[in-house]
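Quick one: this structure, given as structure tokens, is what I'll be asking you about.
The values are calculated or read from the model by the stated rules, or taken from the named source; none is laboratory data. Computed from a predicted model, the values in this text were never measured in an experiment. Glycine gets a Cβ as well: all are built from the backbone with ideal geometry, and neighbour counts include every protein chain shown. The protein model used for the area step is the full one, side chains on, heavy atoms only, and it has no ligands, DNA or RNA in it. Shrake-Rupley method; radii C 1.70, N 1.55, O 1.52, S 1.80 Å.
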Amino acid sequence: MATVRELAAGGPREATSAAYRHAADVVEQRFVDLGYDVDRQSFQVPAGVSWGIPVEAGGTSNVVARPAGLDPGEPHVVLGAHLDTVPQAPGAEDNASGVAVLLELARLAVAAPPEMPVVFVAFGAEEPRGPGDDEHHFGSQTYLRRSGATESGRTAMISLDRVGAPGSVPVCTGGLSPRRVQHQLLAAAERTGVPARACDNRTSDHWPFEKAGETVARVGGNDSPGYHSARDLPRTVSVRQLDRVGSVLWEWLTTK
């Protein structure tokens, strides 16, 4: 919750804004302090309309944290959470909640490294800048293009998106991915006593990977009263739900 409050306190984190750059600096430093090799993956996004509000073209970035010495050709998984928000929302639930769980999993992975190495990514410009897939998920599209030739060992990608609203934990795919990871996550939830459900969703950073033929899942997406509005404040985030999601992901990472 400290991470959720810190990120939301800076106000909306539209992908090209100074608030986003500050948030990315904060996340980058957290990864560096944990001992990861960190890459700030810069890219450009077009002008457009994001959830009813015009947004300008400009630069943004992904924050990519790899375990020191990782050979990207060796088997590994990618866990991601988008760091940006729509222009009118401080983004506590969408998606400081996902980033908070991502950072906690990164801390745990240093304290007790899973057998399968994990690359952690805070994605920029996930939120739409227009209609259709081409105007959405810019950070994950960029990551996929730039890593496609080198990260031949990637075995799965999971997006943590809006994981702070109470309820059974949604474990989704877009309908194209093999169900292996989805089934493994649902089994991990059952082992940890966390209520979870299968679902279909194409509106997060898993979707570009899934369209590229990779095995994916999206975790999160319960209804939240502050969704894409100025009411998306830390009070909309459930500490218990963050714990549930973190427990399921850690169980999956350490027993798969």
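With every protein chain present, what is the per residue accessible area of the range 113-256 (1.4 Å probe, Å²)?
40
Another question, then. To one decimal place, what Kirkwood hydrodynamic radius in Å is obtained for the range 106-229 from all pairs of distinct Cα atoms?
Hydrodynamic radius (Kirkwood, Cα only) of the range 106-229 equals 15.5 Å.
Quick check: the distance between the Cα centres of the range 129-146 and the range 167-222, to the nearest angstrom?
Each part reduced to its Cα centre gives a spacing of 19 Å.
Residue by residue, what Karplus-based ³J(HN,Hα) values in Hz, rounded to whole numbers, does the range 121-132 have, using 6.51, -1.76 and 1.60 with θ = phi - 60° and x for Gly and Pro?
Working through the residues one at a time gives 10, 9, 7, x, 6, 6, 5, x, 10, x, x, x Hz.
Using only helices, what value at 222 nm comes out for the chain when you add -39,500 (n - 2.57) per DSSP H run of length 4 or more and divide by the total residues, to the nearest 500 deg cm²/dmol?
Values: 7 runs with 86 residues, N = 256.
It lands at -10500 deg cm²/dmol.
Another one. Quick one: dipole size for the chain, taken about the Cα centre, charges +1 on Lys/Arg Cβ and -1 on Asp/Glu Cβ, in debye to the nearest 20. The partial results should precede the final answer.
Values: 24 positive and 31 negative charges, 91 e Å.
Dipole magnitude for the chain comes out near 440 debye.
For Cα Rg over 2.2 N^0.38 Å, pick the label among (i) 1.03; (ii) 1.11; (iii) 0.90 that corresponds to the value derived from the coordinates.
The calculated read-out lines up with (iii).
Run the accessible area of the range 121-249 with a 1.4 Å probe and give the carbon-and-sulfur part as a rounded percent. Kindly include the intermediate steps, with their values, before the conclusion.
Details: 2540 of 5030 Å².
The nonpolar share, carbon plus sulfur, comes to 51 percent.
Rounded to the nearest Å, what's the spacing between the alpha carbon centres of the range 53-90 and the range 241-255? Just the number, please.
Between the Cα centre of the range 53-90 and that of the range 241-255, the gap is 20 Å.
Same structure again: Please compute the length gained on full extension between Ser152 and Asp71, using 0.36 nm multiplied by the number of residues separating them and subtracting their Cα-Cα distance.
Details: separation 81, 0.36 × 81 = 29.16 nm, distance 0.98 nm.
Using 0.36 nm per residue and subtracting the Cα-Cα distance, I get 28.2 nm.
How far apart, in nanometres, would the label points at Arg240 and Ile53 be if each is projected 7 angstrom from Cα along the Cα-to-Cβ direction?
Result for the modelled spin labels: 3.2 nm.
Keeping all protein chains in place, calculate the accessible area per residue for the range 5-88 (probe 1.4 angstrom), answer in Å².
Accessible surface, normalised per residue, equals 42 Å².
For the range 1-51, how big is Rg over Rh, using alpha carbon atoms and the Kirkwood form of Rh?
Rg/Rh for the range 1-51 comes to 1.02.
Another question, if that's okay. Grab the other residues whose beta carbon is less than 12 angstrom from that of Arg66, score K and R as +1, D and E as -1, and report the net.
Spelling it out: positives minus negatives among the neighbours equals -4.
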